[in-house]
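> Before I ask anything, let me first share the structure, which is written out below as structure tokens.
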Amino acid sequence: MSTISVRQSHNKTPEELRDLIRQLAIKLEDKYQLKSTWLNDDEVEVQRSGVKGRISLRPAEVKVDIKLGLMMGALKSTIQREISRSMAEKLG
């Protein structure tokens, strides 16, 4: 099992941050068929067959942790690169 862990600092308000994370979740769903579920105001769970992860919103940082199953592990670098790029673009 492969793991992706990405952190990005930010200076957004909680409302701005939630909106940006909603946009990221939509992008992940469109591109990788990841279903997103808000667990509370500060955490989003993303999952699909072979993928399970969490996006955690913190006052100065967003943290993404995703576990990839065997088949999705082949896409680890692509997925990680896309998440890192999107987070840096939206939050940096």
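> Helix 76-91: angle to the longest alpha-carbon principal axis of the chain, degrees 0 to 90, nearest 10?
On a 0 to 90 degree scale, this one is about 10.
> How would you order 51-58, 40-47, 22-29 from highest to lowest mean count of nearby Cβ atoms within 10 Å? Provide the component values of the computation, followed by the final result.
Working: 51-58: 18.1, 40-47: 14.5, 22-29: 16.6.
With the highest mean Cβ count within 10 Å placed first, the list reads 51-58, 22-29, 40-47.
> Also, quick follow-up: Could you tell me the relative contact order of segment 22-66? Use alpha-carbon pairs under 8 Å, at least six residues apart, and round to a whole percent. Before the final figure, lay out each step's value.
On the way: 61 pairs, mean separation 10.2, N = 45.
Result for segment 22-66 is 23 percent.
> Would you mind checking the tilt of helix 14-32 against the longest principal axis of the Cα atoms of the chain, expressed as 0 to 90 degrees and rounded to 10?
Between the helix axis and the principal axis of the chain, the angle is about 20 degrees.
> Give me the percent relative contact order of segment 2-91, please, defined on Cα pairs under 8 angstrom at least 6 residues apart.
Working: 134 pairs, mean separation 33.9, N = 90.
Relative contact order, segment 2-91: 38 percent.
> Grab the DSSP H runs of the chain that are 4 residues or longer, score each as -39,500 (n - 2.57), total them, divide by all residues and round the 222 nm result to the nearest 500 deg cm²/dmol.
Details: 3 runs with 39 residues, N = 92.
Roughly -13500 deg cm²/dmol at 222 nm, from the helical runs in the chain.
> How do 67-73, 13-19 rank on mean C-beta neighbours within 10 Å, highest first? Kindly include the intermediate steps, with their values, before the conclusion.
Numbers: 67-73: 15.0, 13-19: 12.7.
By packing density, highest mean first, the sequence is 67-73, 13-19.
The numbers here are math on the coordinates, done by the rules we state, and not lab data. As the structure is a computational prediction, the values presented were derived from the model and not from experiment. No Cβ is skipped: glycine too gets one built from the backbone with ideal geometry, and neighbour counts run over all protein chains shown.
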